[in-house]
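Mind looking over this structure? Questions follow.
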Amino acid sequence: MEVTEKIAVDHGLKKEEFAKICELLKRIPNITELALFSAMWNEHCSYKSSRKHLKNLHTKGKKVIQGPGENAGIIDIGDDDAIVFKIESHNHPSFIEPYQGAATGVGGIMRDVFTMGARPIANLNSIHFGSPQNKKTKNLLRGVVKGIGGYGNCIGVPTIAGQTCFDESYNGNILVNAMTLGLVNKNKIFYSKAAGINKPVIYVGSKTGRDGIHGASMASAIFDEKIEEKKPTVQVGDPFTEKLLLEACLELMADNSIIAIQDMGAAGLTSSSIEMASKGKLGIEINLNKVPCREEKMTPYEIMLSESQERMLIVLEKGMEDKAKKIFDKWNLDFAVIGKTTNSKKIELYFDKIKVADVPINLLAENAPMYDRKWKKNKLPQKIKFKKEDFKSLNLSDCLKKIISNPNISNKQWIWNQYDHTVMGDTIQKPGGDAGVVRVHGTNKAVAACVDSSALYCYAHPLTGGKQVVCESWRNLISVGSEPIAITNCLNFGNPEKEKNMGEFVECVQGISDASKYLNFPVVSGNVSFYNETKDKGIKPTPSIGGVGLIKDYKNMITMDFKNPDNIILVIGKTEGHLPQSIFAREILSEKKGPPPEINLFNEKNNGESVAKIIKEKLVEACHDVSLGGILVAIAKMCIKGQKGAKLNNIKSLTSKYEYFFGEDQGRYIIEVKKENLKKVNELLKENSVHFEEIGKVTTDNLSYNNVLKISIEDLNKTYTNWLSNYMVN
Amino acid sequence: MKSSVIIFPGSNCDRDMDVALKKFGFKNKMVWHDDNELPKSDLIVLPGGFSYGDYLRCGSIAGKSNIIKSVIKFAQSGGLVLGICNGFQILTETGLLPGILQQNKNIEFICKNVHVKVADKSNKYFKNIKKEILELHIAHNEGNYFCSNNDLKFLEDNNQIAVKYCNAKGNCNLESNPNGALKNIAGVFNKEKNILGMMPHPERMIDKYLSGEDGALFFQNLIGNLG
């Protein structure tokens with residue numbers, strides 16, 4: 001078949017990109033070669049719209065062993081232990097086929113982690129759905145949760161934390177971001193850079209089928225009415241095979257026979273083989289007849305584009321083939337020598353003894369297009385001042401109930417009860433806290449992890465929003481008593497060819513960069529998902545940030561549940577009562593305009609470090625960061641989790657009580673301290689010039705404030721918990 | 001005391017069980033499903049997980065694996081065999097225990113703490129255990145126990161019901177039944193009570209930093225009874 005411009009465009013390439021390919025090759029590519037280009041040059045693999053800006057991210061730090069550019073990032077947690085982690089999107093497939101889309105998202109990110117020699121020890125996820133009233137939302141949510149659980153539960157890796165949001169901007173494009181943490185000995189890390197000539201290239205894992213062909217280009221396309229037709233491009237997962245692959249790979253990694261290893265993720269055999277050769281500045285030769293196929297008569301084109309799951313590509317030391325094969329035989333997995341490394345710096349594919357592709361690697365990898373897309377700056381929205389009359393007809397108790405039963409605040413237990421969160425026997429903080437915590441098996445250490453996003457803030461002002469998500473991640477990690485170390489980001493945005501969307505991307509990245517630099521909280525891995533757009537409607541800009549922290553002695557971990565009556569409750573950080581963009585403004589006052597709360601990085605860092613200090617001094621009984629919903633929601637959650645009440649003092653602030661209780665000012669924490677420790681806490685906080693207020697004390701029952709609020713904890717808990725389970729049942 | 005944990009392809013609680021057994025004094029060995037011989041053991045454990053990917057039916061392929069022939073022989077000669085979660089499913093598939101484990105009534109995977117009432121103490125697993133109600137952890141998709149009326153009568157007549165789901169006060173009612181199991185059954189014995197299958201995972205609750213410590217009681221008690 002003669003490749004034409006139209007065929008190239010059908011493969012997702014632009015006309016000018018096809019012209020460039022012909023110019024670089026000095027000829028027209030054949031169909032297999034076009035497949036390679038279409039896969040490598042699409043947004044998903046080439047990062048062509050984002051690369052320029054991602055370079056600005058803060059990626060270095062003392063504890064960073066591996067930053068962006070590998071299968072996952074790696075941080076040092078001491079004693080030769082290192083944590084490998086990354087977050088990745090599987091948005092487009094999950095909208096088309098929620099179960100398989102979400103399941104293979106989890107499978108893919110776990111492979112990224114164990115490819116590097118790490119045993120996965122925790123999974124997290126950030127999932128965003130359309131409005132609960134949207135008719136598709138319920139089924140999508142059910143399918144995604146089942147898919148995430150179905151895969152993670154079967155592998156036997158606990159899902160320890162996550163985040164769920166609802167917003168109408170996701171009606172046509174849900175987000176499924178999956179994150180995995182793995183544990184590795186820092187002297188036994190495996191990379192994807194091939195080295196040496198004439199080394200055998202090995203294919204292991206599942207057989208190759210026709211599923212997922214064009215998955216990567218589908219992930220870089222805008223949705224329309226014909227989206228259902230794309231169903232065949234969604235991969236089908238088999239967690240059982242992945243479990244075998246995990247065990248077999250870790251067994252093979254125990255000796256020194258692997259030179260390089262790469263999982264076959266997006267664009268399958270194409271991207272894995274090209275990336276390994278490209279990083280090693282080598283060539284690669286593959287005999288496609290040797291690739292184990294599950295379907296008959298697969299063409300080179302199909303073999304190269306298949307996104308069948310649970311497959312790995314390995315460059316092995318020569319002479320180790322038999323030893324390696326034995327391991328894969330034991331685990332009943334396919335093992336095939338399919339090619340070798342060469343010094344040609346080209347990818348050369350053979351099929352039925354005919355050379356079916358011959359392309360210099362650099363044209364596919366380094367020479368992939370990079371665009372400096374036009375983007376529009378986003379102005380800070382005008383301030384909104386609420387008047388006393390706005391609050392006049394309100395009732396504090398009703399407002400609190402309405403907010404804690406809001407889909408974006410309410411208890412997500414219905415979801416995480418479907419995830420195995422205790423397998424591996426080291427989960428010491430379950431989902432529902434500020435961060436999930438797992439022990440580093442057999443040591444005193446524990447690792448805390450959380451995932452956050454705040455699309456409303458990012459939409460209102462991307463620069464502030466980008467900073468805020470990083471700060472929120474940092475606060476969550478501080479709140480459980482861990483030292484925040486590094487983050488991974490999943491950047492979910494609309495169409496980068498639109499100046500507005502591109503502007504949102506550029507400024508969110510700037511915000512992330514600013515905050516992570518200031519907090520010394522570097523980005524070590526991540527991915528970008530553009531084109532989250534259906535029928536011209538894009539999603540709100542949604543960077544998801546996955547944070548990882550270290551607890552040196554797990555016995556010092558902190559939880560958010562109130563512990564004992566008569567203990568004192570303090571608010572750390574200044575409360576100005578910023579309501580615009582808050583859940584209160586939106587749900588109670590129906591006001592969607594205005595700027596998000598300001599981020600003051602100095603205060604953020606100072607408050608966080610001071611809280612960390614008093615936690616270290618063992619002066620804190622419970623801690624929770626103040627986020628969505630403000631102080632009262634934070635305290636309500638601490639009451640519910642601890643089955644305790646709280647009696648709140650008369651507020652001294654000049655703001656209205658609604659602004660005080662529901663404002664979403666940043667950099668704040670609620671802590672519980674024993675009376676006898678109060679003096680010392682006061683001193684330490686004053687020493688560090690941290691603003692704090694004594695807001696009340698823990699009681700046995702009822703959350704109360706003067707004579708305007710009195711709710712029993714049972715009532716509060718029901719209101720907080722019932723929304724989601726009722727929604728899913730009805 | 002010597003124990004052996006069988007690893008099937010897809011088992012995923014094998015390591016957790018190994019850790020728990022060793023913590024409470026067992027000398028434990030891991031045994032590969034394709035082996036024919038069992039090492040000399042006082043206790044054989046079939047761990048939780050998704051043996052053979054739950055293909056066909058949970059536990060069905062494991063029930064036909066190589067090693068299981070030796071396990072059956074060991075059990076029939078009176079040896080102690082403990083099946084947790086998927087291990088319980090395997091034991092019903094081999095016919096060593098009566099009944100079946102169906103999909104949970106709410107057709108969802110359930111991972112949470114539950115209370116179970118110890119229904120019989122005339123056996124090596126629960127003899128001398130002080131508590132009547134244990135707080136344990138479940139994590140399964142197919143834990144809904146079912147058997148025929150005849151089997152149920154047999155189980156009840158011979159006190160073969162080991163543990164029943166209950167609330168914190170010990171009432172076995174509809175609310176405390178997480179998965180729709182017949183008569184709130186969470187675990188059963190064979191007639192001789194050397195074989196125990198149960199859905200809850202004691203190995204996940206072996207120190208105070210985990211979901212709870214009642215799993216520790218189970219193992220301490222078990223090794224005590226074997227001495």
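Bear in mind that the values in this text are calculations on the coordinates, not laboratory data. Keep in mind that what you see is a predicted model, and the values were worked out from it rather than measured. FYI the Cβ positions are ideal-geometry reconstructions off the backbone, even for glycines, and counts take in every protein chain you see.
Only helical DSSP H runs with n ≥ 4 go in: add -39500 (n - 2.57) per run for chain A, normalise by residue count and round the 222 nm mean residue ellipticity to 500 deg cm²/dmol.
Value at 222 nm, helices only: -10500 deg cm²/dmol.
Using the Karplus curve 6.51 cos²θ - 1.76 cosθ + 1.60 with θ = phi - 60°, what ³J(HN,Hα) values do you get for each residue of segment A:423-438, in whole Hz, with x for Gly and Pro?
4, 5, x, 10, 6, 10, 9, 7, x, x, x, 6, 8, x, 9, 10
Cα centroid distance between segment A:506-583 and segment B:67-96, in Å?
Using only Cα atoms, the two centres lie 49 Å from each other.
Each residue of segment A:192-206 in order: what ³J(HN,Hα) in whole Hz does its phi give by Karplus 6.51 cos²θ - 1.76 cosθ + 1.60, θ = phi - 60°, with x for Gly and Pro?
For segment A:192-206, the Karplus-derived couplings read 9, 7, 6, 8, x, 9, 6, 8, x, 9, 10, 10, 10, x, 6 Hz, x marking Gly and Pro.
Which value in deg cm²/dmol, rounded to the nearest 500, describes the helix-derived mean residue ellipticity at 222 nm for chain B, given -39,500 (n - 2.57) per DSSP H run of n ≥ 4 and division by the residue count?
Computed mean residue ellipticity for chain B: -7000 deg cm²/dmol.
Mind jotting down the distance between the C-alpha centroids of segment A:426-472 and segment B:1-61, whole Å?
When both Cα centres are located, 35 Å separates them.
While we're looking at this one, here's another question. Could you tell me the distance between the Cα centroids of segment A:620-664 and segment A:12-51, to the nearest Å?
Segment A:620-664 and segment A:12-51 have Cα centres separated by 54 Å.
Once you put a point 7 Å from the Cα of B:Trp32 and another 7 Å from the Cα of B:Asn149, both along the Cβ direction, what distance in nm separates them?
4.9 nm
Express the relative contact order of chain A as a whole percentage, based on alpha carbon pairs under 8 Å and six or more residues apart in sequence.
15 percent
Give, in nm to one decimal, the length gained when the segment between A:Gln643 and A:Asp352 is fully stretched (0.36 nm per residue of separation minus the Cα-Cα distance).
Between A:Gln643 and A:Asp352, full extension yields 97.8 nm more.
Same structure, new question: What does the average come to when, for each residue of peptide A:423-431, you count the partner chain Cβ atoms lying within 10 Å of its Cβ?
That works out to 6 on average.
How big is the dipole moment of segment B:95-227 about its Cα centre under a simple scheme where the beta carbon of each Lys and Arg is +1, that of each Asp and Glu is -1, and everything else is neutral? Debye, nearest 20, please.
Once rounded to the nearest 20, the dipole reads 280 debye.
Ok, one more. What three numbers, in Å, describe the spread of the alpha carbons of segment A:605-660 along their principal axes, ordered from the longest?
Taking max minus min along each principal axis of the Cα atoms, segment A:605-660 gives 34, 29, 21 Å.
Could you tell me which of A:Pro407, A:Thr427, A:Pro360 has its Cα farthest along the dipole of segment A:347-427 towards the positive end, charges placed at Cβ (Lys, Arg +1; Asp, Glu -1), taken about the Cα centre?
A:Pro407
Which entries in B:Lys105/B:Lys131; B:Lys64/B:Lys193; B:Lys40/B:Lys69 show an alpha-carbon gap greater than 18 Å?
B:Lys105/B:Lys131; B:Lys64/B:Lys193
Separate question: If you stretched the chain out fully between A:Glu23 and A:Asn706, how much longer would it get, using 0.36 nm times the residue separation minus the C-alpha to C-alpha distance?
So the extension gain works out to 238.2 nm.
Further question: Collect residues whose amide H, placed 1.01 Å from N in the peptide plane, falls under 5 Å from the amide H of A:Gly283; neighbours closer than 5 in sequence don't count.
The answer is A:Thr342, A:Asn343, A:Ser344, A:Lys345, A:Lys346.
Here is a follow-up. Pull up the DSSP beta bridges for the protein assembly as shown and report the antiparallel fraction as a percent, rounded to 5.
So the antiparallel bridges amount to about 75 percent of the total.
Tell me, what is the percent relative contact order of segment B:78-222, built from C-alpha pairs under 8 Å that lie six or more residues apart?
31 percent
Report the relative contact order of segment B:22-109, percent, no decimals, based on alpha-carbon pairs under 8 angstrom and at least 6 residues apart.
Averaging sequence separation for qualifying contacts and normalising by length gives 31 percent for segment B:22-109.
List the chymotrypsin sites (Phe, Trp or Tyr not before Pro) within segment A:305-407 that DSSP assigns to loop and that have no more than 10 neighbouring Cβ atoms inside 10 Å.
Listed in order of number, the matching sites amount to none.
Next question. With a cut-off of at most 13 other beta carbons within 10 Å, and DSSP calling the residue loop, which GluC sites (Glu not before Pro) in segment A:345-405 qualify? Please list them.
Here the sparse-neighbourhood loop sites are A:Glu366.
Pull up the cross-link candidates among the lysines for B:Lys130, meaning alpha carbon to alpha carbon under 17 Å and not fewer than 8 places away within one chain.
Candidates past the 8-residue exclusion: B:Lys117, B:Lys121, B:Lys164, B:Lys169.
Across the residues of B:8-21, average count of Cβ atoms on other protein chains within 10 Å?
Mean partner shielding for this stretch: 4.
I'd like the FRET efficiency for A:Asn556 and A:Lys377, computed as 1/(1 + (r/R0)^6) with the beta carbon distance as r and R0 of 45 Å, rounded to 0.05.
That gives a FRET efficiency of 0.50.
Further question: For A:Asp79 and A:His441 in one chain, what is 0.36 nm times their gap in residues minus the Cα-Cα distance, to one decimal in nm?
Between A:Asp79 and A:His441, full extension yields 129.0 nm more.
Once amide H atoms are built 1.01 Å from N in the peptide plane, which residues 5 or more positions from B:Val31, or in another chain, come under 5 Å H to H?
Those lying under 5 Å, H to H, from B:Val31 are B:Val5, B:Ile6, B:Ile7.
Are any of the pairs A:Lys62/A:Lys637; A:Lys199/A:Lys290; A:Lys535/A:Lys592; A:Lys193/A:Lys467; A:Lys323/A:Lys445; A:Lys593/A:Lys657 more than 27 Å apart by Cα-Cα distance, and if so, which?
Pairs exceeding 27 Å: A:Lys62/A:Lys637; A:Lys193/A:Lys467; A:Lys323/A:Lys445.
Check each of the GluC sites (Glu not before Pro) in segment B:97-181 and keep only those in coil by DSSP with at most 12 other C-beta atoms within 10 angstrom; list them in order.
Passing both the DSSP loop test and the Cβ count: B:Glu132, B:Glu175.
Can I ask one more? How big is the dipole moment of chain A about its Cα centre under a simple scheme where the beta carbon of each Lys and Arg is +1, that of each Asp and Glu is -1, and everything else is neutral? Debye, nearest 20, please.
1120 debye
No solvent, one uniform scatterer per C-alpha: report log10 I(q)/I(0) for segment B:2-226 via the Debye equation at q = 0.07, 0.09, 0.13 1/Å, two decimals.
The Debye formula, applied to the Cα set alone, gives -0.18, -0.30, -0.66.
To continue, here is another question. Can you give the Rg/Rh ratio of the protein assembly as shown, where Rg is from the C-alpha atoms and Rh is the Kirkwood radius?
0.98
Say each of A:Lys55 and B:Lys69 gets a label point 7 Å from the Cα, pointing the same way as Cα to Cβ; how far apart are those two points in nm?
Distance between label points: 6.6 nm.
Determine which residues of segment A:611-627 fall in the zone a paramagnetic label at A:Glu694 would reach in this model, i.e. backbone nitrogen under 18 Å from the point 7 Å along Cα→Cβ.
Under cut-off, by backbone N: A:619-622.
Just tell me how shielded B:104-112 is by partners: mean number of partner chain Cβ atoms within 10 Å of each residue's Cβ, no decimals.
Per residue, the number of nearby Cβ atoms from other chains is 5 on average.
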